[in-house]
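Data block below; observations after.
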Amino acid sequence: MKQSFSYRKLLLPIVDLLRQGITPEKIALSLAIGICLGVFPVIGGTTILCTLAAIVFRLNLPAIQLVNYFVYPLQLALLIPFIRFGEVLFRSPHVSLSLTIIFESIKRSAWQTIKTYWTSGWHAMIAWCLVGPLAIWILYLALVSILRRLAVATGPVMKHDQSSVPAHD
């Protein structure tokens, strides 16, 4: 039976972490923070943010980066909604944009794109700061429940099998 890409690249590494003895709570927090930081509305900055979060909060770096990479399409999908939410929060003028316009602008001149969208980007980051912590909490609660059940279903923590190692007297 052929396993799906998501199963092999997302679920199996998480099961491996559980079998290595990492708690469902620690993995859930790593995943929740990775998902939320992964949609932070600054393209190209999420890997650094996730790494810093893993170091500061002593989270599992592979788990946090794993979901960070998986949510990249979601980051792109949420970029404009975060910009729009920022416009509402700050009552700033509606900027005409689309992902196509943003990427074409970056190709022409990254610096000019930054200058053009600086205010919109800043407002989007503030909007994310309002939504992100609540999203982390909600995701954590959902994920910890799922991971606790997964830990029970996948069996005991892997330990080195001492019975297969010959004793040296």
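The values are calculated or read from the model by the stated rules, or taken from the named source; none is laboratory data. Just so we're clear, the structure is a prediction, and the values are computed from it rather than from any experiment. Cβ sites come from the backbone with ideal geometry, for glycine too, and all protein chains shown count toward neighbours.
Suppose we filter V88, V95, V67 for residues that are part of a loop (DSSP other than H, G, I, E, B) and either of a type in the set (V, I, T) or under 20 Å from Y140 (Cα atoms) (or both); which single one remains?
Details: V88 fails: part of a loop (DSSP other than H, G, I, E, B); V67 fails: part of a loop (DSSP other than H, G, I, E, B).
Result: V95 is the single residue among V88, V95, V67 that is part of a loop (DSSP other than H, G, I, E, B) and either of a type in the set (V, I, T) or under 20 Å from Y140 (Cα atoms) (or both).
For every residue, the table says whether it meets (1) touching a Leu at 6+ places or on another chain (Cβ under 8 Å); (2) surrounded by 15 or more Cβ atoms within 10 Å (Cβ to Cβ); (3) at pLDDT 90 or above.
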| residue | (1), (2), (3) |
| --- | --- |
| H94 | no, no, no |
| T100 | no, no, no |
| S105 | no, yes, no |
| A110 | no, no, no |
| I114 | no, no, no |
| A124 | yes, yes, yes |
| A127 | yes, yes, yes |
| V131 | no, yes, yes |
| L141 | no, no, yes |
(message) If C50 satisfies all but one of (1) modelled with pLDDT under 85; (2) under 18 Å from the mean Cα position of the chain (by Cα); (3) buried (at least 17 other Cβ atoms within 10 Å of the Cβ), what's the number of the condition it fails?
(response) (1)
(message) Can you report the number of residues in segment 12-28 which are within 14 Å of P62 (Cβ to Cβ) and not basic (K, R)?
(response) 10
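Against the condition of a type in the set (A, V, I, L, M) and not in a helix (DSSP H, G or I), how does V15 come out, does it pass?
Numbers: of a type in the set (A, V, I, L, M): yes; not in a helix (DSSP H, G or I): no.
The answer is no for V15.
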(message) Quick check on this structure: which one of L147, L59 is in a loop (DSSP other than H, G, I, E, B), surrounded by 17 or more Cβ atoms within 10 Å (Cβ to Cβ) and at pLDDT below 95?
(response) L59
(request) Just need a number here: residues in segment 24-46 that are surrounded by 15 or more Cβ atoms within 10 Å (Cβ to Cβ) and not in a loop (DSSP other than H, G, I, E, B). (result) 15
(message) Can you tell me which condition F82 does not meet? The list is (1) part of a helix (DSSP H, G or I); (2) modelled with pLDDT of 95 or more; (3) out of contact with any Pro (no Cβ under 7 Å at 6 or more places or on another chain), and all the others hold.
(response) (3)
